[in-house]
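Taking it in order: structure first as structure tokens, then the write-up.
A short reminder: the numbers here are calculations on the coordinates, not readings from a lab. Quantities reported herein were computed from a predicted structural model and do not represent experimental measurements. Cβ placement follows ideal geometry from the backbone for every residue including glycine, while neighbour counts extend to all protein chains displayed.
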Amino acid sequence: MLEKKILNISRIGNTDKYDRKKVGYFSGLIGTFLNVTLGISKFLIGILANSVSITADAVNNFSDAIYSFATVLGFKFSSAPPDKDHPYGHGRVEYITTLIISMMVMIVGVQFAKTSIERIINPEKIIMGKIGIAFLVISIFIKLWMSLFNRKLSKAIDSSILKATSIDCLSDVFTTSVVLIAMIFANYTTFPVDGVVGLIVSAFILFSGFSLAKETISQLIGEAPSVELIKSVLSDIEKHKEILGIHNYTFHRYG
């Protein structure tokens, strides 16, 4: 599997630790390429089919491409060494990048909610061919793979950015599936299915963005670490024979 190859390349020596910067770069570049490819293809299909829901899905993919590139930048700046003004490093840049991504997601959701409402009020005929439907099916499987891919990488390096990317890809699976169903039934009804589905997609995009923002803000404020993380850190400390005991410990996360 690709994620295993990336982790092997990014492994630090013979340990279970990985170079976060390398993993982030690989994920971001792969995500950028796939999302741009999907975005261009869906945009052309949306224009030819006169479908606002497909076009919205295409723009969502273009937004994902920007997020993927932002992931690369986030890992680049967050891996910068400590300096005089930031003695604990720049790890929280990762949280800020994730917050920016979530804000952009919500902006896209609002824009397409407006367009979808206009299409409900003034519905237009949809012209959808078999090739377009086939591509939507393929794009669903691509996004499902991307979600699993980023989920495994996020667990390996405990990354909020890659976790956010995985969730976003999974939401894309849902939105494209809804669009696909709508396109199949669009030719058999006078109901403004395109606009309604576009509105559903927009609502889901907004919900995803809000959820990401809420989680990231909690981390920036200072979220308590999980019990598993505390046990893991204490276990590593206790491995040193010169340490007799641990008490009154305080945890702070810096990315």
- Note on the structure: For K231, the lysines lying under 19 Å Cα to Cα, once residues fewer than eight places off in the same chain are dropped, come out as K17, K155, K239, K241
- Query: Pick from I131, I140, I107: which residue has the top mean-square fluctuation in a GNM of the chain where Cα pairs under 10 Å get a spring?
  - Reply: I131
- Message: Helix-only mean residue ellipticity at 222 nm, the chain, DSSP H runs n ≥ 4 weighted -39,500 (n - 2.57), per residue, nearest 500. What is it?
- Response: -26500 deg cm²/dmol
- Message: Just to verify a number: FRET efficiency for I121 and R11, C-beta to C-beta distance, R0 = 35 Å, to 0.05?
- Response: 0.05
- In percent, what relative contact order does the range 177-255 have, based on Cα pairs under 8 Å that are 6 or more apart in sequence? 21
- How large is the dipole of the chain about the Cα centre if only Lys and Arg carry +1 and Asp and Glu carry -1, each at its Cβ, rounded to the nearest 20 debye? 480
- Query: Using Cα pairs under 8 angstrom and six or more residues apart, how large is the relative contact order of the chain, in percent?
  - Reply: 24
- Part-to-part distance (alpha-carbon centres) for the range 211-255 and the range 1-76, which is given in Å: 29
- Task: Take the Cα gyration tensor of the chain, multiply each eigenvalue by 5, square-root it, and list the three semi-axes largest first, rounded to whole angstrom.
- Result: 41, 19, 15
- When the Kirkwood hydrodynamic radius is evaluated over all pairs of different C-alpha atoms of the range 70-214, what value in angstrom, to one decimal, is obtained? 17.1
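Listing V233, V196, V179 from the residue with the fewest other Cβ atoms within 10 Å to the one with the most, what is the order?
With the sparsest Cβ surroundings first, the list reads V233, V196, V179.
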- Query: Using a Gaussian network for the chain with springs between C-alpha atoms less than 10 Å apart, which of these wobbles most: S147, S160, S226?
  - Reply: S226
- Highest-fluctuation residue, M106, M183, M128 considered, GNM on the chain with Cα pairs under 10 Å: M128
- Note on the structure: For the chain, longest principal axis from Cα atoms; helix 52-78 axis from its Cα atoms; angle between them, nearest 10 degrees, is 20
